[in-house]
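Below is one structure, written out as structure tokens; the observations come after it.
The values are calculated or read from the model by the stated rules, or taken from the named source; none is laboratory data. Just so we're clear, the structure is a prediction, and the values are computed from it rather than from any experiment. Note that we place each Cβ from the backbone using ideal geometry, even for glycine, and neighbour counts take in every protein chain shown. With ligands, DNA and RNA removed, areas are computed over all heavy atoms of the protein, side chains included. Shrake-Rupley method; radii C 1.70, N 1.55, O 1.52, S 1.80 Å.
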Amino acid sequence: MRDTVVSAEKMAEQREYADLAGRLLYERLGRNPKACTVTFGCQQNEADTELLRGILSEMGFLFTEKAQDADLIIFNTCAIREHAEMRAFGNVGQASHIKRANPDALLCFCGCMAQEQSACAKIKNSFPYVDILFGTHALYRFPQLLYKRLSTGKRVFDTDGEGVIVEGIEPVRKAPPNAWLSIMFGCNNFCSYCIVPFVRGRERSRDPERIVDEAKKLVSEGYKDITLLGQNVNSYGNDLGAGIDFSDLLKRINDIEGDFRVRFMTSHPKDASKKLFDTMASCEKVCKSIHLPVQSGSDRILGLMNRKYGIEQYTELVRYARSVMPEITLTSDVIVGFPGETEEDFIKTLDLINEVRFDSLFTFIYSKRERTKAALMEDLTPADEKQRRFDRLLEVQNRISREINENYVGKTFKVLIDGESEDENYTVKGRTEGFKLVHIKGSGEMMGKYKNIEIERASTWALFGR
Ligand code: SAM
Ligand code: SF4
């Protein structure tokens, strides 16, 4: 077993702490404690929260959506942009009311922000009512931290450790049909703007057997849309030395018997290969859909971003993917206002967007992050100019998304129904294989099932059908 996997002894030790802490809480409350988890940020954080809920469940916790009803509140935070951090601090600030109403409630702060020195210091000094703070590498030690808090009455901070892999905890997931399945953690790429490698450690892949077993279990439990998660799934297996790469893993999951589909995120273009697209094309359960973040249309900016590919390589990948999967849906991430981005660089991004015609885009204004290389770069573009570029980009993309979606009208697609529609004229909603959101006039009986839906109408962000 690789030393990144937390040893069986250490996991057993945590189970003992879980037992002790669970008992202490039960004695204090005279009932099972209730926990409320609040998650910010990406799918990886969602998956981490599910693992944390697995730990809490083993300790006897029940769950509530209402923080004011909870005995334990956990904020799992995101550090990717300043805005995400402000939101997390805002929520922790609000929680002071809950602590005032129920001083025994325990407040925990974890995730990527907890792994940052400055955020940790701010929690220590400005939010004295936060009971436990723990970083991304300490998640599996939560039972020990909770026991320490309960038995000493002192605040607990744990940001120690290097990247680990935690096995043997059953995540508490949302009900079927959609499931996250982490296949790897951390990142080695050090894109010059990005905090992720600093707060999540180096790349480490889970054992393929564990992943395949977990996928089989999910299918047997009725999950029908499984998303494999990693910061750069295309480098899956590089650290295993077991002769398995991401395409091989996809094939193994595709071979699992059952009525389900599998998708994945995120793919770094520098590591996306023709083999990957050929595998996607030949595996019937693998969704013909890919999120391939390009970040900028300017080779000069991509160089400054340390992305290690150029626009020619990127567009060639897209051409190849579309040649083997003409129906593929393509989404991407773009950052505007990176330090030194000129109007000319930005126009190149617009040109790329017009050329590739993504189904949709996640667009961000560059946010300076401590410790990253880009934080040291001269950034002379005024904020209002960055905002203008952002608005122009959105305008172009919204038109393209609407045009692409309008092409769906009158056609029928297989849609997995996964929730109630927020649109008052529709009852349920679901996703196509290409991850298009569809609002549907249907009934609750359709929930969790695949249905053939005829698309009657389209907007920039969704399809509408029956
Ligand atoms: N690992 C994935 C990748 O490389 O594409 C996704 C990482 S991140 C969670 C998602 C997106 O956030 C990135 O693709 C990037 O567009 C954006 N992002 C990351 N750091 C940022 C920053 N400092 N400012 C603005 N956007 C940022
Ligand atoms: Fe951040 Fe780049 Fe790693 Fe994605 S690949 S997590 S953007 S450093």
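At a 1.4 Å probe, what is the % contribution of carbon and sulfur to the accessible area of the chain? Write down the numbers at each step before the final one.
Values: 10180 of 20800 Å².
Reported share for carbon and sulfur atoms: 49 percent.
Using only the Cα atoms of region 177-223, build the gyration tensor, take square roots of its eigenvalues as a ≥ b ≥ c, and label the shape rounded, prolate or oblate: rounded if a/c is under 1.5, else prolate if a/b is larger than b/c, else oblate. Display every interim value, and only then the final one.
Working: a/c = 4.90, a/b = 2.34, b/c = 2.10.
It is prolate, given that a/c is not under 1.5 and a/b is the larger ratio.
Equivalent-ellipsoid semi-axes (√(5λ), Cα gyration tensor) for region 98-210, whole Å, largest first?
Whole-Å semi-axes of the equivalent ellipsoid: 27, 20, 14.
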| remark: Eigenvalues of the alpha-carbon gyration tensor of the chain, times 5 and square-rooted, give semi-axes in Å, largest first, of 36, 27, 23
| task | Compare the Cα positions of Val196, Leu229, Leu250 along the charge dipole of region 193-258 (+1 at Cβ of Lys, Arg; -1 at Cβ of Asp, Glu; about the Cα centre) and return the one farthest towards the positive end. | result | Val196
| remark: Per the rule of 0.36 nm per residue minus the C-alpha distance, extending Gln43 to Phe190 adds in nm 51.0 nm
| field | the chain - Cys residues lacking any other Cys C-beta under 4.7 Å | value | Cys36, Cys42, Cys78, Cys108, Cys110, Cys112, Cys120, Cys187, Cys283, Cys287
| field | Scattering profile of region 1-99 at q = 0.11, 0.15, 0.22, 0.24 Å⁻¹ [log10 I(q)/I(0), Debye over alpha-carbon scatterers] | value | -0.42, -0.75, -1.17, -1.23
| field | Principal axis dimensions, region 157-281 - Cα atoms, whole angstrom, descending | value | 40, 40, 27
| query | Angle, helix 343-356 long axis vs. longest principal axis of the chain, Cα atoms, 0 to 90°, nearest 10? | reply | 80 degrees
| message | Quick check: net charge around Phe277, other residues with Cβ under 12 Å of its Cβ, Lys/Arg +1 and Asp/Glu -1? | response | +3
| field | Solvent-accessible area per residue, Å², over region 312-386 with all protein chains present [probe radius 1.4 Å] | value | 49 Å²
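Can you give the local net charge around Tyr309? Use residues other than it whose beta-carbon is closer than 11 angstrom to its beta-carbon, Lys and Arg +1, Asp and Glu -1. Please report the intermediate quantities before stating the final value.
On the way: positive: Lys270, Arg307, Lys308; negative: Asp271, Asp299, Glu312, Glu316.
Residues close to Tyr309 contribute a combined charge of -1.
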| Ranked from highest to lowest mean number of other Cβ atoms within 10 Å per residue, what is the order of the peptides 109-117, 233-241? | 109-117, 233-241
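Counting only other residues whose beta carbon sits under 15 Å from that of Asp71, what net charge do I get with K and R as +1, D and E as -1? Don't skip to the answer; put the middle values down first.
Values: positive: Arg23, Arg28, Arg31, Lys34, Arg53, Lys66, Lys99, Arg149; negative: Glu27, Glu65, Asp69, Asp104, Asp131.
Summing Lys/Arg as +1 and Asp/Glu as -1 gives +3.
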| said: Exceeding 28 Å between C-alpha atoms, which entries from my cross-link table qualify? They are Lys99/Lys368; Lys154/Lys174; Lys288/Lys429; Lys34/Lys148. | reply: Lys99/Lys368; Lys154/Lys174
| field | Fraction of beta bridges assigned by DSSP in the chain that are antiparallel (%, nearest 5) | value | 30 percent
| query | Among the aspartates and glutamates, which have Cα under 18 Å from the Cα of Lys122 when same-chain residues fewer than 8 positions away are ignored? | reply | Glu82, Glu85, Asp131, Asp158, Asp160, Glu370
| request: Please state, as a whole number in µm²/s, the translational diffusion coefficient that the Stokes-Einstein equation yields for region 4-50 at 37 °C and 0.692 mPa s, with Rh defined as the Kirkwood radius across alpha carbon pairs. | output: 249 µm²/s
| request: Work out the length of the dipole vector of the chain about its Cα centre, built from +1 on the beta-carbon of each Lys and Arg and -1 on the beta-carbon of each Asp and Glu, and round it to the nearest 20 debye. | output: 500 debye
| request: List the aspartates and glutamates whose Cα lies under 18 Å from the Cα of Lys270, skipping any in the same chain that are fewer than 8 positions away. | output: Glu203, Asp239, Asp245, Asp278, Asp299, Glu312, Glu316, Asp333
